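Only one structure is covered here, and it is reproduced in the block below.
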Ligand code: ADP
Ligand code: ADP
């Protein structure tokens, strides 16, 4: 059974209006998508194609106009738009801009600790778990007392990844989340994520404009076409020699 299922999802936004009439622009048009347990599905497409909209719907941050979104076979949101607490923990996301995704007032420690505190951890077990997560993304635990926003973009993004892993998610949505990391860090982060897939069956929806990044990692590659993800047959085939 699929971890995440989108079925025939439609989404339109009203655009324009300043000078002309406000028109509804259809961003997703009967979009369907599945992510299985331990599967990595890559989603590509040009800017404005609707990738982030699809991601926000998969995260329950937005309602589709019509269609179904299921997690683990159950509707992602109930009739009132609420998500079950267990599902909220099970689906985590990392976005492109780590500065926008973290509080400037937080130390690096607090960024990772926040979800763990909600989950009831405190004291020595909390500190040990934060250190462990920092080490997993190869951040120096000695730097955890610094303000998170003093970190470089790459360090801060790794911190965001550690936070996303804190509650052992079952599905990770990465929206251009590794694109900004340097090549060495990208490789290390992908190796870490590969471990999570193999050992814990974590599924990935990986939005990127850089397919090369996902060679050996993506099981399936989809491209947004006319508002819906379309599977690419042989995405990693070498370019034909001319
Ligand atoms: P991508 O992630 O592929 O770049 P997006 O999902 O961000 O694409 O955007 C798809 C289209 O939907 C764009 O034309 C964008 O302007 C529009 N859009 C996205 N979010 C909103 C919104 N909240 N209100 C109005 N238009 C939006
Ligand atoms: P190791 O390489 O040390 O054996 P694993 O790759 O098995 O580690 O992962 C262990 C770490 O990954 C633990 O800190 C665990 O909490 C964390 N983790 C993150 N996401 C998950 C998940 N979905 N299920 C289980 N552990 C997870």
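Laboratory data are not the source of any read-out in this text; all were calculated from the coordinates shown. Predicted model only: the values in this text are computed from it and were never measured. Cβ coordinates were reconstructed from backbone atoms using ideal geometry, including for glycine residues, and neighbour counts include every protein chain displayed.
Tilt of helix 153-165 relative to the longest C-alpha principal axis of the chain, in degrees (0 to 90, nearest 10)? The angle comes out at about 90 degrees.
Centre-to-centre separation between the Cα atoms of the range 12-28 and those of the range 202-237: 29 Å. Does the range 1-113 come out rounded, prolate or oblate, given a ≥ b ≥ c as the square roots of the eigenvalues of its C-alpha gyration tensor, rounded meaning a/c under 1.5 and, failing that, prolate meaning a/b above b/c? It comes out oblate by the Cα gyration axes.
Entry note, the chain: relative contact order of 29 percent, from Cα contacts under 8 Å with a spacing of 6+ residues. Modelled this way, with points 7 Å down the Cα-to-C-beta line, the labels at residue 65 and residue 86 are 3.5 nm from one another.
Estimated at 0.36 nm per residue, the fully extended path between residue 37 and residue 79 surpasses their Cα-Cα distance by 12.5 nm. Under the classification rounded if a/c is under 1.5, otherwise prolate if a/b is larger than b/c and oblate if not, where does the range 45-111 fall, given a ≥ b ≥ c as square roots of the Cα gyration tensor eigenvalues? Oblate shape, in that a/c is at least 1.5 and b/c is the bigger or equal ratio. Taking the helices alone, the chain has a mean residue ellipticity at 222 nm of -9000 deg cm²/dmol, built from -39,500 (n - 2.57) per DSSP H run of at least 4 residues and averaged over all its residues.
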